[in-house]
1. Based solely on C-alpha atoms, express the radius of gyration and the Dmax of the chain in angstrom.
2. What are the extents of the Cα atoms of region 97-136 along their three principal axes, in Å, largest first?
3. What is the angle, in °, between the Cα long axis of helix 41-53 and the longest principal axis of the Cα atoms in the chain? Nearest 10 is fine, range 0 to 90.
4. How many nm separate the modelled label positions at D129 and E9, each set 7 Å beyond the Cα in the direction of the Cβ?
5. Relative to the longest principal Cα axis of the chain, at what angle does helix 99-112 sit, 0 to 90 degrees, rounded to 10?
6. So for the chain, taking the charge dipole from beta-carbon charges (+1 Lys/Arg, -1 Asp/Glu), which of F32, H111, C127 sits furthest toward the positive end?
7. To the nearest 500 deg cm²/dmol, what mean residue ellipticity at 222 nm is calculated for the chain from DSSP H runs of n ≥ 4 alone, each contributing -39,500 (n - 2.57), summed and divided by the residues?
8. In debye, nearest 20: dipole of the chain around its Cα centre with unit charges on the Cβ of K, R (+) and D, E (-)?
Amino acid sequence: MGYNTKQREKLLEYLIENKEQHMNVQKINSCFVNEGINVGTATIYRQLDKLVEQGIVRKYIIDEKTGACYQYIDSENDCHRHFHLKCTRCGKLIHLTCDHLSGLGDHIYEHHGFRVDPSKTVFYGLCADCEGAVQE
């Protein structure tokens, strides 16, 4: 087994373990450094690009200020059909299947001529756990 294959396996394992979150390269690299795993930043980017190309990982570009985020594509969660909620405090990503929001997408298309891509639509706020911590 080649060196890059081991690095790819470690990266994929990490993404699967954290599939509910959008992970950026800095966070991945920091975790690897803390665990004593020797993988360079350039290698992480290269492997992530390959995983995105293969359809195993989804790449999100949220804004111009923040680096790209990556998420393992879980076969149980078809991200093309639902919206996402992202906690601005803990970073938790929630896959949201909701008929009300599907209706919102329909409304936007019918009344404004714009088709929303749910796989790239993220609502930001506080998850229930963080909201509870703020109120305590």
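1. 17.0, 55
2. So the extents along the principal axes, rounded to whole Å, are 44, 17, 16.
3. 50 degrees
4. So the two model labels end up 3.0 nm from each other.
5. 70 degrees
6. F32
7. Computed ellipticity for the chain at 222 nm equals -13500 deg cm²/dmol.
8. With only Lys, Arg, Asp and Glu charged at Cβ, the dipole is about 560 debye.
The values are calculated or read from the model by the stated rules, or taken from the named source; none is laboratory data. Note that this is a predicted model, so its numbers are computed, not measured. Note that we place each Cβ from the backbone using ideal geometry, even for glycine, and neighbour counts take in every protein chain shown. Just the protein is used for accessible areas: all its heavy atoms, side chains included, with ligands, DNA and RNA removed. Shrake-Rupley method; radii C 1.70, N 1.55, O 1.52, S 1.80 Å.
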